[in-house]
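This report concerns only the one structure given below.
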Ligand SMILES: Nc1nc2c(c(=O)[nH]1)N[C@H]1C(S)=C(S)[C@@H](COP(=O)(O)O)O[C@H]1N2
Ligand SMILES: [Mo]
């Protein structure tokens, strides 16, 4: 019974960890981390032997093997805990540390993955302690039999807890395995996608686009660092082979497009800076990537929008919607049905296999990930997901600017202090960036060249500062001469405004 308690405690905790990883990100899975570490650690000869023995089922064999080893040690921990309080918990703790070490060896190791591993181990320890205590209560009750209690309540309590844990492990385990399987199948399909060369390549990034400031936001955001915002509880797993996009609504001809159709189109590649409407002034819900895709206007031209239509309601596989002005999708800008991000197929979290990217509009009104439908319609007839939830129907990106260095809160040395950051006014372009010290006169910063009007620009300015406390603010002016809105306003309903303000502490 003590061994069963140990196995159920470990099983329940691990399944809980896997379910949380399924919900948040498959990259957090403790089981995947440990399995990956095992695969990396075993000698090649053993690997060859495993492949020869199990063939393509080698990964399943590994998982079953891990489950058996874990159940064995957890059973042992239960027996030990029953003999001596906390001794079994220590065994589980050591296992948890080994799991944490495995997570640290992984490429995707981050604070979240480490927290999940520690959390899983803690849950295992707590469940083990609880179950063994219940078992011991049963034992002490059995030693002093109470003839009026049949069956003994402590016995029933223990067996019920054990059965619930076992049931959770079984049902949750099947669910976690199904999620894992779906994500694995799609990851594999993503690995097989060969992105075609663009018919129109992205203009080369001018050498002068990099302001050369240490610690500044990189011009192009690596996929792994790109902010992620969506309402998807689990990342939709869409097989590109069965994906279709339907163009419906107020059109002359409905159009259906497969992933293979899309790959065969003349694709364009462009740098576009995507921003979230929830980004606060100075925030980091913004990123710049090189997107590969087919211009949406060409797809719309095939369908032939009818007169009177003024909106395209795009819908994702999980039912989320965005309402984009038809005019913005037809005015010649590089609004893309994107399949590539920085030279790779879209990452699953960023909309694999296909998403929209529209220069100049916040993501919530344009950047539908896992897109499966474009309905040509009218703002008067259809509402998108965020519109009834307190966000504006239209969402053009507001011109804004940010100070990246020096990082707020860290003291700097007196003398020439180098300031640097980014500014953006997608589809209009930045004309000027200025800084001011303690609300004094605006001083013009050195503006680096943009990659294009659709991306952010880097800027820098050296200021002579003596010892003391300073308040530094930045503001941008777009290429049409409009200064960014200096009035402080929150993100809802259509994007935050105000000046990014940092305090610097200058030390001798
Ligand atoms: N399917 C779907 N697409 C979506 C969203 C969503 O919730 N579901 N959120 C949008 C919002 S609000 C933003 S800011 C961008 C973010 O894209 P990213 O996660 O690739 O950075 O995706 C947009 N596309
Ligand atoms: Mo967003």
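The numbers here are math on the coordinates, done by the rules we state, and not lab data. Model, not experiment: these values are computed from the prediction. For neighbour counting, all protein chains shown are included, and Cβ atoms are generated from backbone atoms with ideal geometry for every residue, glycine included.
Cβ crowding within 10 Å ranks 64, 383 as 64, 383, fewest other Cβ atoms first.
Per-residue Cβ neighbour counts within 10 Å put 270, 84, 190 in the sequence 84, 190, 270, beginning with the fewest. Highest average first, the peptides 470-480, 354-364, 213-223 ordered by how many other beta carbon atoms sit within 10 Å of their residues are 354-364, 470-480, 213-223. According to the square roots a ≥ b ≥ c of the eigenvalues of the Cα gyration tensor, what is the shape class of the range 69-113, taking rounded for a/c under 1.5, prolate for a/b larger than b/c otherwise, and oblate for the remainder? In terms of gyration-tensor shape, prolate.
When a/c reaches 1.5 or more, the comparison of a/b and b/c decides; with that in mind, is the range 1-131 rounded, prolate or oblate per its Cα gyration tensor? Note, shape of the range 1-131 comes out oblate. When the square roots of the Cα gyration tensor eigenvalues are ordered a ≥ b ≥ c, the ratio a/c for the range 400-507 is 1.5 or more and a/b exceeds b/c, which makes its shape prolate. The angle between the Cα long axis of helix 30-41 and the longest principal axis of the Cα atoms of the chain comes to about 90 degrees, rounded to the nearest 10. Under the simplified labelling scheme, the residue 192-residue 136 pair shows an inter-label distance of 5.5 nm, with each label point 7 Å from Cα along Cα→Cβ.
Each of the peptides 453-466, 421-434 was scored by the mean count of other Cβ atoms within 10 Å over its residues; in descending order, highest first, they stand as 421-434, 453-466. Calculation over all alpha carbon pairs of the chain in 10 angstrom steps from 0 returns a P(r) of 4, 16, 21, 20, 17, 13, 7, 2, 1, 0 percent.
Helix content alone sets the calculated 222 nm mean residue ellipticity of the chain: runs of n ≥ 4 DSSP H residues at -39500 (n - 2.57) each, divided across all residues, give -12000 deg cm²/dmol. For the pair residue 256 and residue 306, the difference between a 0.36 nm per residue extended length and the Cα-Cα distance amounts to 16.2 nm. Relative to the longest principal axis of the Cα atoms of the chain, the long axis of helix 153-192 makes an angle of roughly 40 degrees.
Stretching the chain fully between residue 24 and residue 280 yields a gain of 89.8 nm (0.36 nm per residue, less the alpha carbon separation).
In the range 393-508, what percentage of the DSSP-assigned beta bridges are antiparallel, given to the nearest 5? Intermediate values should be presented prior to the final figure.
On the way: 34 of 36 bridges.
Antiparallel: roughly 95 percent of the beta bridges in the range 393-508.
If you plug the beta carbon distance of residue 118 and residue 171 into 1/(1 + (r/R0)^6) with R0 = 30 Å, you get a FRET efficiency near 0.75.
Ordered by the count of other Cβ atoms within 10 Å of each Cβ, fewest first, 205, 286, 39 give 39, 205, 286. Out of every Cα pair in the range 21-87, what percent are spaced more than 14 Å from each other? Result for the distance tail: 70 percent.
Could you list the square roots of 5 times each eigenvalue of the Cα gyration tensor of the range 460-500, that is, the equivalent ellipsoid semi-axes, sorted largest first and rounded to whole Å?
26, 16, 6
Placing a label point 7 Å from the Cα of residue 69 along the Cα-to-Cβ direction, the residues of the range 31-54 whose backbone N falls under 14 Å of that point are 31-43, 46-47, 50.
With the simple model of a label 7 Å out from the Cα in the direction of the Cβ, residue 98 to residue 111 spans 2.9 nm.
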